[in-house]
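Peer 1: Quick one: the structure is below, questions incoming.
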Amino acid sequence: MRRIVAALFLFGISFGYVEAAVVVYLRAIYDPIRQHLHPDRKPHELFPLISPRQLADAGPQNPRRLAIEIGREAATMAMLAGIALACGRTFYESVAAFAVVFGVWDISFYAFLKLMIQWPESLGTWDILFLIPLPWIGPVWAPVLVASTMIVCGLVSLGCGGLRITLRSWLGILAGALGIVLAFVWDFRNIAAGGMPNAFNWPLFVAGETIGLIVFAAALRNREYPEFRKPRGSE
């Protein structure tokens with residue numbers, strides 16, 4: 001188990017560096033466009049977003065780069081899932097491994113970006129997290145909190161050999177995750193229209209985190225019940 005955890009952390013930290021390096025290259029391409037459109041904005045400030053029309057007006061190659069970036073995001077999730085599948089001996093261990101490596105990757109990304117370009121300025125700085133299927137935005141505090149929660153819960157689950165949970169618990173965790181995702185995309189219409197971010201939906205975010213943690217804690221407490229007593233490798 002120590003070897004598996006070490007592999008997840010090594011992969012997550014290394015991939016976080018790669019992700020940060022890619023963002024540095026992307027900003028070298030798009031910051032001049034943003035500065036031309038919004039000369040009053042500070043360097044490395046991401047909002048308002050450059051619209052697809054503005055990207056196309058800035059150069060015919062830019063829409064294709066946007067499509068490539070969306071594909072890269074999907075490939076990133078596939079790579080994280082791949083290392084989780086390789087490290088997990090069962091479905092439950094693979095889910096726990098994904099939570100760990102995702103959290104380590106996300107936090108490492110921000111840490112390396114801070115070292116490379118001194119961004120984000122603070123944990124309150126707003127960021128674009130994903131573009132699939134809608135723009136996910138929020139202050140850096142929010143994804144770092146989610147990542148930290150995923151690391152802790154994932155490690156706890158791995159320590160249990162992959163926490164086996166009931167369908168009801170899965171639905172509860174998914175409900176919490178849905179609340180978190182909705183908090184990130186809550187302002188997508190305004191952002192997609194070129195607006196500045198409105199106040200982050202912290203109540204919805206906290207509700208999602210709380211639901212997920214309560215359900216996970218309940219599943220952890222009940223893991224000795226008969227329905228959880230399955231021999232390892234029986235899946």
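The values are calculated or read from the model by the stated rules, or taken from the named source; none is laboratory data. All figures in this text were calculated on a predicted structure; none of them were measured in a lab. Counting neighbours? That spans all protein chains shown, and the Cβs are built from the backbone with ideal geometry, glycine included. Surface accessibility is based on the protein's heavy atoms, side chains included, excluding ligands, DNA and RNA. Shrake-Rupley method; radii C 1.70, N 1.55, O 1.52, S 1.80 Å.
Peer 1: Please enumerate the residues belonging to the stretch 101-149 that are part of a helix (DSSP H, G or I) and open to solvent by 40 Å² or more (accessible area, probe 1.4 Å).
Peer 2: Of everything in the stretch 101-149, those that are part of a helix (DSSP H, G or I) and open to solvent by 40 Å² or more (accessible area, probe 1.4 Å) turn out to be Ile107, Ala111, Phe112, Lys114, Leu115, Met116, Trp141, Leu145, Ser148.
Peer 1: Which of the residues that make up the stretch 85-100 are in a helix (DSSP H, G or I), in contact (Cβ under 8 Å) with a residue 24 or more places away in the chain, touching a helix residue (DSSP H, G or I) at 6+ places or on another chain (Cβ under 7 Å) and surrounded by fewer than 20 Cβ atoms within 10 Å (Cβ to Cβ)?
Peer 2: Ser94, the sole residue that qualifies.
Peer 1: Is it fair to say Ala21 is within 24 Å of the chain's Cα centre (by Cα), modelled with pLDDT of 90 or more, among the aliphatic types (A, V, I, L, M) and farther than 21 Å from Thr125 by Cα?
Peer 2: Against the criterion (within 24 Å of the chain's Cα centre (by Cα), modelled with pLDDT of 90 or more, among the aliphatic types (A, V, I, L, M) and farther than 21 Å from Thr125 by Cα), Ala21 does not qualify.
Peer 1: Name the pairs: first residue in the stretch 150-168 and closer than 19 Å to Leu85 by Cβ, second residue surrounded by fewer than 20 Cβ atoms within 10 Å (Cβ to Cβ), Cβ to Cβ under 6 Å, at least 6 apart or on different chains?
Peer 2: Gly161/Arg232; Gly162/Thr90; Arg164/Phe228
Each row is one residue, and each column tells you yes or no for (1) in contact (Cβ under 8 Å) with a residue 40 or more places away in the chain; (2) open to solvent by less than 70 Å² (accessible area, probe 1.4 Å).
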site	(1), (2)
Val23	yes, yes
Pro32	no, no
Ala67	no, yes
Leu80	yes, yes
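Peer 1: Do we find that Arg72 is part of a helix (DSSP H, G or I), farther than 21 Å from Ile137 by Cβ and open to solvent by 30 Å² or more (accessible area, probe 1.4 Å) in this structure? Spell out the reasoning first.
Peer 2: Working: part of a helix (DSSP H, G or I): yes; farther than 21 Å from Ile137 by Cβ: no; open to solvent by 30 Å² or more (accessible area, probe 1.4 Å): yes.
Considered against the rule, which asks whether it is part of a helix (DSSP H, G or I), farther than 21 Å from Ile137 by Cβ and open to solvent by 30 Å² or more (accessible area, probe 1.4 Å), Arg72 comes out as no.
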